[in-house]
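Here is the structure we will look at, set down as structure tokens.
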Amino acid sequence: MSKHSDNIFCEYTINSWEDCRKLFRSIEKWVFRGQSNSQWSLQTTLERGAKINNSNIRDIPMIERNIIEKFQRRAFHYLEKPPEVENVLEWLSLIQHHGGPTRLLDFSYSYFVALFFSIDQALQESTVFCLNKKLINEKGLETEKWRGLEDEKYFGTRKYCNEKLIEQTSSPLVMLIEPFNIHERLSSQQGLFAIPFEGHQAFEYNLSITVNRFRKELPISKIIDNHDEDLIELLNQECALLKVNIPKDFHNEIRRELKLMNISSETIYPGIDGFTKSLYGEFDINYRS
């Protein structure tokens, strides 16, 4: 990949359900995240919280420290076996699981799960964000070795991730990782986390620098209009982030197909919460479960 590749971030809008399936089959080794509005960027809940409260993004590390400390001090009321204090990844996973703001972004190994989250209760065109896991890991390791990492086997481990999370403002990088403790919801959603290491910077900036450490500005998404074999090869070699837009016209068809695959609120969310959420399916009077 060239130093200044224009293919780091790309964007595509599907034209049919079959077109959607064909595209995802060709990048099935990537990881995926569904969002219900195509106008939203990839932002952590810490980023969104700062924006909502008119906070400076440069203050996020201090805010994050306060959130983690407050959660740790109160968690013994609710948890039978809390993680060790220095295991920041596990603490952030718990905060994320229970709806708190963190620097973690949920992704899934399954594009079907991501599609579900994309269209579930969406009121407009939705999106599936796709991360090139292999490229991000390879370029992340390359970048860290350039920065002085001696033991490449250490890169990508939970211990390594925890060290960077404790630092909070390490050099920009995104790592894809699973916590050690996989709670029921994370398991049912085939989930993992994408984690930015530089807390002063936005997630997408961390991602851009991971793949191209020479780039200083956030790349503009390159609009693509097909996904033939040559383009897929280019995406696998150079693209870190592919944004796939799902027009509202296709949502009902996709929702029905996912239901036939047993992907619904009942299987995505554990317990009665999932069953209750599944009742939104009753609005489709032309299709009964």
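Among the residues of the range 214-235, just one is of a type in the set (Lys, Arg) and open to solvent by less than 50 Å² (accessible area, probe 1.4 Å), namely Arg215.
Taking the range 24-45 as the search range and keeping residues that are open to solvent by 10 Å² or more (accessible area, probe 1.4 Å) and assigned to a helix (DSSP H, G or I), which one is nearest to Asp230 (Cα to Cα)? Filtering the range 24-45 for residues that are open to solvent by 10 Å² or more (accessible area, probe 1.4 Å) and assigned to a helix (DSSP H, G or I), the one nearest to Asp230 (Cα to Cα) comes out as Ser26. A Cβ distance below 6 Å, combined with a sequence gap of six or more or placement on separate chains, defines the contacts here; from the range 192-206, residues that are within 19 Å of Arg65 (Cα to Cα) and in a helix (DSSP H, G or I) reach residues that are open to solvent by less than 10 Å² (accessible area, probe 1.4 Å) and of a type in the set (Ser, Thr, Tyr) in the pairs Phe203/Thr44. Of all the numbered requirements in (1) out of contact with any strand residue (DSSP E or B) (no Cβ under 6 Å at 6 or more places or on another chain); (2) within 20 Å of Glu90 (Cα to Cα), Pro196 misses one, and that requirement is (1). Here the helices (runs of 4 or more DSSP H) wholly within the range 225-274 that include at least 3 residues being at pLDDT 90 or above are 229-238, 251-260.
Condition check ((1) of a type in the set (Val, Ile, Thr); (2) within 25 Å of Thr157 (Cβ to Cβ); (3) modelled with pLDDT of 95 or more) across all residues:
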position	(1), (2), (3)
Tyr78	no, no, no
Pro82	no, yes, no
Ile95	yes, yes, no
Gly99	no, no, no
Phe117	no, no, no
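Checked against (1) closer than 22 Å to Thr143 by Cβ; (2) at pLDDT below 90; (3) under 21 Å from the mean Cα position of the chain (by Cα), Arg185 meets all criteria but (1). For the range 83-101, a residue qualifies if it is within 20 Å of Leu176 (Cβ to Cβ) and of a type in the set (Asp, Glu), and exactly one does: Glu90. For the range 114-148, a residue qualifies if it is among the hydrophobic types (A, V, I, L, M, F, W, C), open to solvent by 40 Å² or more (accessible area, probe 1.4 Å) and part of a loop (DSSP other than H, G, I, E, B), and exactly one does: Leu123. For the range 95-109, filtered to residues that are part of a loop (DSSP other than H, G, I, E, B) and of a type in the set (Ser, Thr, Tyr), the residue that is farthest from Gly34 (Cα to Cα) is Thr102.
The values are calculated or read from the model by the stated rules, or taken from the named source; none is laboratory data. Predicted, not measured: the structure shown is a model, and the values here were computed from it. Ideal geometry is used to build each Cβ from the backbone, glycine not excepted, and the neighbour counts take in all protein chains shown. Surface accessibility is based on the protein's heavy atoms, side chains included, excluding ligands, DNA and RNA. Shrake-Rupley method; radii C 1.70, N 1.55, O 1.52, S 1.80 Å.
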